[in-house]
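Shown next, in structure tokens, is the structure this report addresses.
The values are calculated or read from the model by the stated rules, or taken from the named source; none is laboratory data. Everything numeric in this text was worked out from a predicted model, so none of it was measured. Backbone-built Cβ (ideal geometry, glycine too); neighbour counts: all protein chains shown.
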Amino acid sequence: MYRAFAKTSSVCPVCLGVIPAEKAVGDDGFIHLVKSCPRHGRFDALIWEGGIVDYLKWDTAGSGGNRPEVTVPADAECPRGCGLCGEHESAGCCVLLELTDHCNLRCPVCFASAGEAGEGHDLSLDDIGRLYDLLLERGGPFNIQLSGGEPTVRDDLPEIVALGRERGFTYFQLNTNGLRLAGESGYASKLRGAGISCAFLQFDGLDDSAYVQLRGRELLDVKLRAVENCAAAGLPVVLVPTLAPGVNDNMLGDILRFGLERMPAVRGVHIQPISYFGRCGLPEPERRLTIPRVLREIERQTGGVMRAADFGGGGAESAYCSFHASYRRSPDGSISALPRRRSQCCCVKSSEAQAFVADRWGAHEVPGGELDAFDEFLASARDSTFTVSGMVFQDAMTLDLERLRRCHICEADLERGLVPFCAYNLTDRSGRALYRR
Ligand code: SF4
Ligand code: SF4
Ligand SMILES: [Zn+2]
């Protein structure tokens, strides 16, 4: 028995055809996305492990509303007509450049299906320049995520950052597994010197069992060395766990404590509950991780130091895509939650989201190395702030086109332009992709 309370659209996970969907309260009291494909039957995905009052309250501020400045005509029905098209309801803000399909790992879980034997190519510097130009035409400069594959398998990251800086891009986040940061002496300093703002470090826990299941081998030593090397080089780190039920969802408290102990080198933790797209070696469970459950686990595993009530939903994107809270560390080592603001991580105006991300997570230059009293105040405020955030990516079971239309994390693609991350990475049950080649 389901009690439907809202209508939306989704796709069939078998054929990716667009179909009507309902948000409904199930017998378990939780919120489900329920839909039927005329050819492939009925599907039900748990999307909120909480009641309807909590669900509706999560979005009381109302999200979205900042449309892209430049759009392109859709050549197909959403989600096949991205560019961004005129129906999109949020401006892009954080843009991924997939610099390479190569990777020095072959993780059992990888949305980009990178590191396949004998496959893959590097984007040429010319094409990267063309992508930056395209982003400027589409409303940039945006915050850039250098991604892949594994971007550090390329030796020309400094040139790639320089190409962007010449065009006015200022924030460059490196999405990395950390192997090269850990293994190559001086590499973190080189990246810091080249203008990388922050390392978004894949960090699945403090127990090797998580790495064996998610990454195919033991990697804890590598991750610890990567963090140490970044700290020594002054390259800010955000720890990014992919959270999988039964694998590492019991390791959240340890990850958060590890990060807090390494402030300000570690600026925060960004949690990605696992989504079932791309290459995913784990079976889809009936009870997926949802925002309320992750927040309850954070509260439980930190002994109430971080509380579920400290967190709010996204602003620039749909509130149901993300969660975030910021904490201030006092000189005695205790931490307290900062007042919630919509613009944390994501925000009302995407330019604010860009500024927020760059300020909280990025490296900061001090001209001439001199700090005046106000600079010192700002530096100490920043260094004593720790951000905990997360994004629940959508896959073919959970895709809600209302949410997708408010997406502000886009993939840059020379043919299509800007494509929302969850559309770009969408795959059907047999692994066939909507966009990714
Ligand atoms: S996801 Fe956005 S850009 Fe893509 S087709 Fe839908 S409305 Fe257009
Ligand atoms: S990437 Fe996916 S989960 Fe994140 S804002 Fe976009 S649609 Fe939402
Ligand atoms: Zn179907």
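Looking at the stretch 224-239, can you tell me whether even one residue there is within 30 Å of ASP28 (Cα to Cα) and either β-branched (Val, Ile, Thr) or within 17 Å of the chain's Cα centre (by Cα) (or both)?
No - not one qualifying residue is present in the stretch 224-239.
Do any residues in the stretch 73-92 that are outside any loop (DSSP other than H, G, I, E, B) have Cβ atoms under 6 Å from those of residues that are among the hydrophobic types (A, V, I, L, M, F, W, C) and within 7 Å of ligand 1 (Cβ to nearest atom), where the two are at least six apart or on different chains, and which pairs are they?
From residues that are outside any loop (DSSP other than H, G, I, E, B), the pairs are CYS85/ALA74.
Output the number of residues of the stretch 19-41 satisfying the condition of being loosely packed, with under 12 Cβ neighbours inside 10 Å and closer than 11 Å to MET397 by Cα.
Final tally of qualifying residues: 0.
With respect to ALA188, determine if the residue is touching a helix residue (DSSP H, G or I) at 6+ places or on another chain (Cβ under 6 Å) and aliphatic (A, V, I, L, M).
So ALA188 fits the description; yes.
Report those strands (runs of 3 or more DSSP E) wholly inside the stretch 385-437 carrying at least 1 residues which are assigned by TED's automatic domain parsing to the domain that holds ALA265, in contact (Cβ under 8 Å) with a residue 24 or more places away in the chain and surrounded by fewer than 22 Cβ atoms within 10 Å (Cβ to Cβ).
Because the criterion is at least 1 residues that are assigned by TED's automatic domain parsing to the domain that holds ALA265, in contact (Cβ under 8 Å) with a residue 24 or more places away in the chain and surrounded by fewer than 22 Cβ atoms within 10 Å (Cβ to Cβ), the strands (runs of 3 or more DSSP E) in the stretch 385-437 that meet it are 385-391.
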